[in-house]
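The values are calculated or read from the model by the stated rules, or taken from the named source; none is laboratory data. This structure is a prediction, so every number in the text was calculated from the model and none was measured. So basically every Cβ, Gly included, is an ideal-geometry build from the backbone, and we count neighbours across all protein chains shown. These accessible areas exclude ligands, DNA and RNA; they are computed on the full protein's heavy atoms, side chains included. Shrake-Rupley method; radii C 1.70, N 1.55, O 1.52, S 1.80 Å.
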Amino acid sequence: MPELQDIFRLQAFVAVVDEGSLSAAVRKLHVTQPALSARLKLLEESLGCVLLERTGRGVRPTPVGKLVYGIAVDILKRMRHLQTTIQNHLELREGWIHLGGGATAVSGVFPDAIASFREKHDGIQFTLHEQESHAVAEAVRDGAVDIGIITRNESGAPQSGEASEPLPGLRVHGDILDSLVIIASPRHPLVAMNASLHRVGKNLLPMHLNKQPMILFDEGSAIRDIIDAEFRKLYIHPKVVMTLRSTQSMLRMVQKGIGLSVVSRLTMQPPEAEVQVIDIEGLRMQRSLLVVTSDERTLPPAAEEFLKVLVHRYAQG
């Protein structure tokens, strides 16, 4: 079955039909008449039919030529749309960026980077997927997510729900250093006690958290594993009254006085100032958030540029 292999042949044919003569089409396309005639001949040969017939006034399409003309106009229109779309993507005037990460990435890392990026590229749109680290890593490998942020603890040891190391199929672009802090409502008794101890150069002890109502991340999440490991080390036994996935929900629960919580310091921005950080002697919870992309896939132009903004703003190493 014949195939249309040369877009220039279609352009030549459409121009001749639109202008009504070869000479007018030559002027419109800025080509020589022999070149134009050659394109028309090759098009007719590839389709196996005569497309044009001469009249006293010039040329006009044959009945089959009229059919080809309508399809050719549509093809050329789609081609122009394709060229415009590609150009807009290359010049970052349009496009999509697909991001994935856990609660801290979604509420404490991506928003500022997106806001900074959109100051120059406001035509770019984003999708943001909140998932556990292992799911984010898999989505990056599969191409569903362009850029992901996954969790590892300070030592780099694998966590439950976390992508294990080494990270096959992933490229790490840097670490975002993070620490986890205990937060409380300003009205909580431990806040006043914490302030009093600070005045004499001391902190609350781990035992002060025992049996305290606490709101924690869901079990099995990477951040919860870090919290549980540190609590076990310091023999802290809180009373877990609620588990949640959303950092914002946890902050609201703490603000309402429902209990203490542990959140990323990266998420402690206004209006989160309505909660207070309390210091516990010997309590040290740190981790790295890894910025990753697929090792086998090329990023779209917009995602490539956003990655530069993200790494410049946050990542170390």
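Some observations on this one:
- Top-ranked residue of segment 1-53 - restricted to ones that are open to solvent by 80 Å² or more (accessible area, probe 1.4 Å) and polar (S, T, N, Q), ranked as modelled with the lowest pLDDT: Q5
- Sole exception among (1) surrounded by 16 or more Cβ atoms within 10 Å (Cβ to Cβ); (2) at pLDDT below 95; (3) out of contact with any helix residue (DSSP H, G or I) (no Cβ under 8 Å at 6 or more places or on another chain) for V140, by number: (2)
- Residue within segment 104-122 that is crowded, with 16+ Cβ neighbours inside 10 Å, of a type in the set (D, E) and more than 13 Å from the chain's Cα centre (by Cα) present: no
- A count restricted to segment 231-249 and to residues that are open to solvent by 70 Å² or more (accessible area, probe 1.4 Å), of a type outside the set (S, T, N, Q) and in contact with a helix residue (DSSP H, G or I) (Cβ under 7 Å, 6 or more places away or on another chain) stands at 2.
- Residue count for segment 133-152 under the criterion of being acidic (D, E) and within 20 Å of Y314 (Cβ to Cβ): the result is 1.
- Residue pairs whose Cβ atoms lie under 6 Å apart, separated by 6 or more positions or on different chains, with the first residue in segment 205-229 and modelled with pLDDT of 95 or more and open to solvent by 40 Å² or more (accessible area, probe 1.4 Å) and the second among the small types (G, A, S) and not in a helix (DSSP H, G or I), are P213/G259.
- Being more than 30 Å from G123 (Cβ to Cβ) and touching a residue at least 12 places away in the same chain (Cβ under 8 Å) is a property that holds for A25.
- Residues that are small (G, A, S) and either closer than 30 Å to G169 by Cβ or within 22 Å of the chain's Cα centre (by Cα) (or both) within segment 275-305 comprise S288, S294, A302, A303, listed in sequence order.
- Among the conditions (1) free of Cβ contacts under 8 Å to residues at least 12 places away in the same chain; (2) under 22 Å from S107 (Cβ atoms); (3) open to solvent by 50 Å² or more (accessible area, probe 1.4 Å), S196 misses just one, which is (2).
- Taking the conditions (1) open to solvent by 60 Å² or more (accessible area, probe 1.4 Å); (2) modelled with pLDDT of 90 or more in turn, F126 satisfies each one other than (1).
- Test: L40 is touching a strand residue (DSSP E or B) at 6+ places or on another chain (Cβ under 8 Å), in contact (Cβ under 8 Å) with a residue 24 or more places away in the chain and part of a loop (DSSP other than H, G, I, E, B): no
- Positions within segment 230-263 being of a type in the set (A, V, I, L, M), in contact (Cβ under 8 Å) with a residue 40 or more places away in the chain and closer than 19 Å to T104 by Cβ, in sequence order: L251, V254, L260, V262, V263
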